[in-house]
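The structure under discussion appears below in the form of structure tokens.
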């Protein structure tokens with residue numbers, strides 16, 4: 001009986017020694033001279049846990065602190081709006097981006113084109129000599145039961161210098177005329193019209209970019225409601 005207990009104790013001691021030796025050997029293989037475990041950088045999470053920044057277009061105008069001043073940096077954080085772009089038989093602009101945002105008082109709209117607006121106006125005026133030099137197009141917005149048609153003509157205005165009796169150099173003009181659909185008459189009725197440069201705090205453009213604002217109390221819409229958008233280039 002004593003011999004059996006001694007043999008059992010000897011086996012336990014040998015087994016414990018084997019495990020301890022393996023553990024020490026494993027730690028020795030893992031460690032690197034001069035580098036502690038605290039120095040080992042954490043591994044990044046699996047790619048399935050990394051959420052990329054979404055590039056999806058939005059259907060609801062997000063809130064944004066936009067100022068209509070011809071400086072467009074405040075649009076950088078606003079995502080593109082989900083807007084269908086169509087071309088008529090003679091498209092004059094290649095629309096690259098359309099963005100829509102809002103604050104408590106206004107709805108803001110931004111366009112970026114492939115061709116500069118002023119460049120287009122000057123070329124067409126030089127070629128045709130006409131004061132009306134085409135248009136950017138129609139922007140149609142639908143919010144719930146409300147439908148809006150935004151007409152965006154471009155051209156030149158010539159202001160006479162009465163003192164000298166001459167006509168000043170033509171100045172580029174872009175305007176926005178807003179019509180709201182009246183279900184009773186089944187027609188779009190004009191509710192707003194603004195022009196640059198006469199109203200630079202409402203509409204401004206520089207190069208291929210255009211921005212303008214529309215007062216929410218004039219539109220009578222809730223900017224938090226999803227909108228459908230369709231732009232027809234002229």
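Within the range 76-92, the residues that satisfy the criterion of being surrounded by fewer than 16 Cβ atoms within 10 Å (Cβ to Cβ), modelled with pLDDT under 90 and in a loop (DSSP other than H, G, I, E, B) are 88, 89, 90, 91. Given the condition over 25 Å from the mean Cα position of the chain (by Cα) and modelled with pLDDT under 85, answer yes or no: does some residue in the range 143-156 qualify? The answer is yes, given that some residue of the range 143-156 is over 25 Å from the mean Cα position of the chain (by Cα) and modelled with pLDDT under 85.
Screening the range 170-230 for strands (runs of 3 or more DSSP E) wholly inside it with 2 or more residues that are surrounded by fewer than 17 Cβ atoms within 10 Å (Cβ to Cβ) returns the ranges 171-182, 187-196. Mind listing whichever residues of the range 93-111 are touching a strand residue (DSSP E or B) at 6+ places or on another chain (Cβ under 8 Å) and surrounded by fewer than 19 Cβ atoms within 10 Å (Cβ to Cβ)? Passing the criteria: 94, 96, 97, 103, 105.
Listed conditions (1) out of contact with any helix residue (DSSP H, G or I) (no Cβ under 8 Å at 6 or more places or on another chain); (2) under 23 Å from residue 111 (Cβ atoms); (3) at pLDDT below 55 are all met by residue 170, apart from (1).
Report whether or not residue 119 is outside any strand (DSSP E or B), at pLDDT below 80 and surrounded by 14 or more Cβ atoms within 10 Å (Cβ to Cβ).
Numbers: outside any strand (DSSP E or B): yes; at pLDDT below 80: yes; surrounded by 14 or more Cβ atoms within 10 Å (Cβ to Cβ): no.
Answer is no for this residue.
The values are calculated or read from the model by the stated rules, or taken from the named source; none is laboratory data. Just so we're clear, the structure is a prediction, and the values are computed from it rather than from any experiment. Here the Cβ is made from the backbone with ideal geometry for all residues, glycine too, and neighbour counts use every protein chain on show.
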